[in-house]
1. Tell me, which strands (runs of 3 or more DSSP E) wholly within segment 36-124 include 2 or more residues that are in contact (Cβ under 8 Å) with a residue 60 or more places away in the chain and within 16 Å of ligand 3 (Cβ to nearest atom)?
2. Just to be sure, is Thr82 among the hydroxyl-bearing types (Ser, Thr, Tyr) and open to solvent by 60 Å² or more (accessible area, probe 1.4 Å)?
3. Does any residue of segment 252-268 turn out to be more than 15 Å from ligand 3 (Cβ to nearest atom), in a strand (DSSP E or B) and touching a His at 6+ places or on another chain (Cβ under 8 Å)?
4. Phe176: touching a helix residue (DSSP H, G or I) at 6+ places or on another chain (Cβ under 7 Å) and aromatic (Phe, Trp, Tyr), yes or no?
5. Just to be sure I understand the filter: pairs with C-beta atoms under 6 Å, separated by 6 or more residues or on different chains, first member in segment 156-170 and closer than 10 Å to Phe123 by Cβ, second member assigned to a helix (DSSP H, G or I) and modelled with pLDDT of 90 or more. Which pairs pass?
6. Residues in segment 42-67 that are open to solvent by less than 30 Å² (accessible area, probe 1.4 Å), of a type in the set (Gly, Ala, Ser) and farther than 14 Å from Glu95 by Cβ: how many?
7. So Ser115 fits all but one of (1) of a type in the set (Gly, Ala, Ser); (2) open to solvent by less than 10 Å² (accessible area, probe 1.4 Å); (3) over 14 Å from the mean Cα position of the chain (by Cα); what number is the exception?
8. Evaluate segment 125-137: report whether one residue or more is more than 24 Å from Val221 (Cα to Cα), buried (at least 18 other Cβ atoms within 10 Å of the Cβ) and in contact with an Asp or Glu (Cβ under 7 Å, 6 or more places away or on another chain).
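The values are calculated or read from the model by the stated rules, or taken from the named source; none is laboratory data. Predicted model only: the values in this text are computed from it and were never measured. Backbone-built Cβ (ideal geometry, glycine too); neighbour counts: all protein chains shown. Keep in mind that these areas ignore ligands, DNA and RNA; they rest on the heavy atoms of the full protein, side chains included. Shrake-Rupley method; radii C 1.70, N 1.55, O 1.52, S 1.80 Å.
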Amino acid sequence: AKAAGRNNFVLFDPAMQTRVTLRAQLEADIRRALANQEFELHYQPLAGMRGQIAGVEALVRWRHPQRGLVSPAEFIPVAEETNMILPLGRWVLWEACRVLVRWAGDPATDALEISVNVSMVQFHRPDFCEQVLEVLAQTGARPERLRLELTESLLLNDVECTVAKMQRLRAVGVSFALDDFGTGYSSLSYLHRLPLSQLKVDRSFIWGALTEGHGAAIVRVIVALGKTLGMTVLAEGVETEAQLAFVTEEGCHFYQGYLLSKPLPEDQLTAFLCR
Ligand code: C2E
Ligand code: CA
Ligand code: CA
Ligand code: CA
């Protein structure tokens, strides 16, 4: 990198070869891991501003036989590049729907929702809606309890097609949240056309709010925008009482973060919900 900086060009990048090899290895590793059931879901509770649990976000983890628990930040990007996100994403959806079925009928869990992260690689597949409908039908999960989290990069694609897909799933009761709001390619001119029920304010803004000059103003604007468009607003990454007080003051409807709970494996989540 230093040499490149001096000469402004690179004839051969030995690191590139290593990266390509590593990616191919990781792809094969993900395929094997799916077959060996090394993936598991953890669940992070989401709450109303007085701490009433409203649901959970499903977050995938990889229990690697040698490396231990691997973060999705490490393997989701590779899974997206290699299309392994398609079988992995389908597995995540399936598991989340099965949890909904286990929760149904129990007064402690019956009303809870599950939020599932959907990669844009999955969403833009022509058969995305059929896949979701199929998993709902095969598991018997109630669509009203399923929320799909999308990112702003969906606005880069054909908006008509995006809206049509969302509406098709909305028609059976599935709802949508816009994840990490404010960090991507926001296009305010299209935002109002999307049938979203929730805006999730990225945690960088929640962190910045109490430390940076304009941080608080940015959160205020996002909350106002969400409310104007008829959405609920969820503050992500709330870690301190001061941050909770701030997002409550600003009018957020829900929050999520280590202050409430870290993502938990299912048995620990059950204990948390019964506390
Ligand atoms: P995300 O969707 O924004 O998920 C929230 C991330 O913030 C999670 O990281 C969560 O553990 C972390 N987090 C929650 N509260 C706090 C907090 O108070 N402080 C801090 N510092 N962090 C907090 P995680 O589980 O490592 O997931 C990282 C990202 O990987 C997710 O970001 C999401 O984009 C992606 N991801 C996770 N599971 C899936 C999945 O099943 N499918 C897809 N497509 N992506 C997933
Ligand atoms: Ca998310
Ligand atoms: Ca997020
Ligand atoms: Ca994020």
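1. Qualifying strands (runs of 3 or more DSSP E): 39-48, 53-64, 113-117.
2. No; evaluated as a whole, the condition is false for this residue.
3. Yes, the conditions are met somewhere in segment 252-268.
4. Yes, satisfied.
5. From residues that are closer than 10 Å to Phe123 by Cβ, the pairs are Lys165/Cys129.
6. Counting residues in segment 42-67 that are open to solvent by less than 30 Å² (accessible area, probe 1.4 Å), of a type in the set (Gly, Ala, Ser) and farther than 14 Å from Glu95 by Cβ gives 4.
7. (3)
8. no
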